[in-house]
Amino acid sequence: MLDLLKGPIYSFQEFMLLMGRAFRNLFRRPHYPDDLWMQMDIIGVGSLPIVMLIGFFSGAIMALQMARALNQYGATSQVGPIVAITLVREMGPVLTALLVAGRNASGIASELGSMKVTEQIDAMRALGTDPIQKLVKPRLLAMCIVLPLLTIIADFIGLVGGYLISCPLLHLTTTSQYWSSAWRALEYNDIAQGLLKPFAFAIVIALVGCFYGLQTTGGTQGVGRATTRAVVVASVWVFVLTFFIGKLFVRL
Amino acid sequence: MSSADGGQEVLRFEEVTVRFEDEVAALNRVSFRLLEGESRILLGAAGSGKTVLLKTSIGLIRPSEGRVYLFGTDITELPEDDLIDLRARVGVLFQEGGLFDSLTVEENVAYPLLNQRHARFAPEEVRRRVIEALRFVELEHTLDKLPSELSGGMKRRVGIARANVTEPALVLYDSPTAGLDPITATTIMTLILKARDTKNTTTVMATHRYQDGYLLASYRYNPVTGRIERAPVEEIRRGGTKYLVLREGRLVFEGTQLDIEACDDPYVKKFVKRLQD
Ligand SMILES: Nc1ncnc2c1ncn2[C@@H]1O[C@H](COP(=O)(O)OP(=O)(O)O)[C@@H](O)[C@H]1O
Ligand SMILES: [Mg+2]
């Protein structure tokens, strides 16, 4: 039993070390703005279409599913608040994070993994560059900037999706009531939760991708393993964090 | 040329053991010294620990036991941050090439010039040096190519250019001819001799090919003819260039070309095939 736990605990410790080093270097020179810019482009612009698509459909599906239930209670005018609260608090951050984990935790892990097995990481260190600064920091920062923005976009597009189902299609409520009630329903608490989550997810996704990438051994096969592991672990952590952050806010 | 006496110490291993998670020692109590201007040939079969030894000597891998001194500094537990400054004085050609595949040849060779913390070069100076280093390996026409567009031999040559562009005091070559055809391998070896002998650079080369070691140990580059030629026997005997033979992480032999030819150890003998000239 203890032996079984040794691996994960060791990994977790290594992960924490990486996290510590990444944060310690956050404000230390040298900075690599070009790399940061490029990562923001890859993560942000690259993920935008799929995040918008999924955001739209999650809002639309939610409105569709809620329509019948709300109709039973004669509360169809409440569709706006329901879509808004569920999206902003939960669905928006989690779905966006899962998509970005699938797209970018894997991308980061495979990129750093192939650099590791072709000794480019060693070369970097040998040539006087700290891979934490040059590779991990730009990815971490880019993710922390971009994931909250993507989440906000997903939330908004989701509301639009909900609106298109509720008003033009099912005539559950009026346009102005949908938007004003949705907006009024959001409390400070929801927005705080909706922005804290993507921020926490961003840290986990970027660092898990980097961690498994930098740990890669065993040639090309190892890169495949690292990539798969990064996606699985990042996704699991997204749910674990959702639970704990949710719990934190429920107590409030 | 190489002198065995009086030079500054460049590298010293004291009873160095390196263990990975699986507990088998990749290096097992290895000790040796390397002085300024000298050369070492790390000879050994695949998996004997050559790469680990090279990486340990610049702190990319930390020893489990023993101590490593680079340029007289004990780097065994030196923080990465301080190591970076020492490593700036070392050039490395990695076995897998280690070229950054997102950067062009020019950017790759310029990398060590642009990323050293203390030296700041003007852009024209960087370009001049990069072109000079690439001309040295006869690849000045590939500036804008990506590594993926180059052949195996050309990648190694770019790697040699990058390793030497800062005119480092110590250059490490990890299996520079692995996976190359014999003609390209000779070209690469000629370049390594040229880099060593025109700038009198301290050199360590890992290889599993005795022919490579033989060239490094008993030939030298003649700048007048632009070819390599046999070094006089007195020079070989002086012992500036020595073989270090590794077997499963242990150092089993240390000596000159003359010593290795006379060695009785069966493992060493397996490498030493008399080469017809
Ligand atoms: N990062 C690592 N983790 C675990 N084992 C390693 C690692 N690097 C090298 N080894 C092991 O150390 C031994 C020596 O490897 P290496 O120095 O690469 O041999 P070579 O002489 O072919 O360069 C091998 O058995 C190899 O499996
Ligand atoms: Mg090797």
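The values are calculated or read from the model by the stated rules, or taken from the named source; none is laboratory data. These figures come from a predicted structure and were not determined experimentally. Here the Cβ is made from the backbone with ideal geometry for all residues, glycine too, and neighbour counts use every protein chain on show.
Here are some notes:
- Members of the stretch B:90-125 found to be within 14 Å of chain A (Cβ to nearest Cβ) and either more than 25 Å from B:SER151 (Cα to Cα) or polar (S, T, N, Q) (or both), listed by number: B:VAL90, B:GLN95, B:SER102, B:ASN108, B:LEU114, B:ASN115, B:GLN116, B:ARG117, B:HIS118, B:ALA119, B:ARG120, B:PHE121
- Residues satisfying the stated conditions in the stretch B:33-77, i.e. within 12 Å of ligand 2 (Cβ to nearest atom) and basic (Lys, Arg): B:LYS50, B:LYS55
- Of the strands (runs of 3 or more DSSP E) lying entirely inside the stretch B:171-277, those containing at least 1 residues that are among the basic types (Lys, Arg) span B:219-222, B:227-230, B:241-247, B:250-255.
- The criterion of at least 1 residues that are modelled with pLDDT under 85 and touching a Gly at 6+ places or on another chain (Cβ under 8 Å) is met by none of the helices (runs of 4 or more DSSP H) falling completely within the stretch A:161-252.
- Single residue of the stretch B:54-89 satisfying the filter (among the hydrophobic types (A, V, I, L, M, F, W, C) and part of a loop (DSSP other than H, G, I, E, B)) that is farthest from the other protein chains (Cβ to nearest Cβ): B:PHE71
- For the stretch B:239-273, taking the residues that are of a type in the set (Lys, Arg) and without any contact (Cβ under 8 Å) to a residue 40 or more places away in the chain, the one that is nearest to ligand 1 (Cβ to nearest atom) is identified as B:LYS270.
- Extreme residue, nearest to ligand 1 (Cβ to nearest atom), among residues of the stretch B:206-238 that are polar (S, T, N, Q) and more than 14 Å from B:ILE41 (Cα to Cα): B:ASN222
Residue by residue, here is whether (1) in contact (Cβ under 8 Å) with a residue 60 or more places away in the chain; (2) in a helix (DSSP H, G or I); (3) within 14 Å of chain B (Cβ to nearest Cβ) holds:
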position: A:VAL79; (1), (2), (3): yes, yes, no
position: A:THR86; (1), (2), (3): no, yes, no
position: A:ARG89; (1), (2), (3): yes, yes, no
position: A:SER106; (1), (2), (3): yes, yes, no
position: A:MET115; (1), (2), (3): yes, yes, yes
position: A:ALA123; (1), (2), (3): no, yes, yes
position: A:THR129; (1), (2), (3): no, no, yes
position: A:LYS134; (1), (2), (3): yes, yes, yes
position: A:ILE145; (1), (2), (3): yes, yes, no
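- Residue match in the stretch A:154-166 (condition: under 23 Å from A:TRP237 (Cβ atoms), touching a residue at least 24 places away in the same chain (Cβ under 8 Å) and within 14 Å of chain B (Cβ to nearest Cβ)): no
- When B:ALA178, B:ALA206 are screened for being modelled with pLDDT of 95 or more and within 16 Å of ligand 2 (Cβ to nearest atom), only B:ALA206 passes.
- One residue alone among A:ALA69, A:ALA97, A:ALA75 is within 30 Å of A:VAL160 (Cα to Cα), in contact (Cβ under 8 Å) with a residue 24 or more places away in the chain and of a type outside the set (S, T, N, Q), and that residue is A:ALA97.
- For the stretch B:242-251, the criterion of being exposed (fewer than 14 other Cβ atoms within 10 Å of the Cβ) and among the hydrophobic types (A, V, I, L, M, F, W, C) is satisfied by no residue at all.
- Among the residues making up the stretch B:46-60, those that are near ligand 1 (Cβ under 7 Å from one of its atoms) and surrounded by fewer than 22 Cβ atoms within 10 Å (Cβ to Cβ) are B:ALA46, B:GLY47.
- Pairs are defined by a Cβ separation below 9 Å, a sequence spacing of at least 6 or placement on different chains, a first member in the stretch B:203-215 that is farther than 12 Å from B:ILE188 by Cβ and within 14 Å of chain A (Cβ to nearest Cβ), and a second member that is more than 16 Å from ligand 2 (Cβ to nearest atom) and in a strand (DSSP E or B); the pairs so defined are B:VAL204/B:LEU11; B:VAL204/B:LEU34; B:VAL204/B:SER39; B:VAL204/B:LEU170; B:VAL204/B:VAL171.
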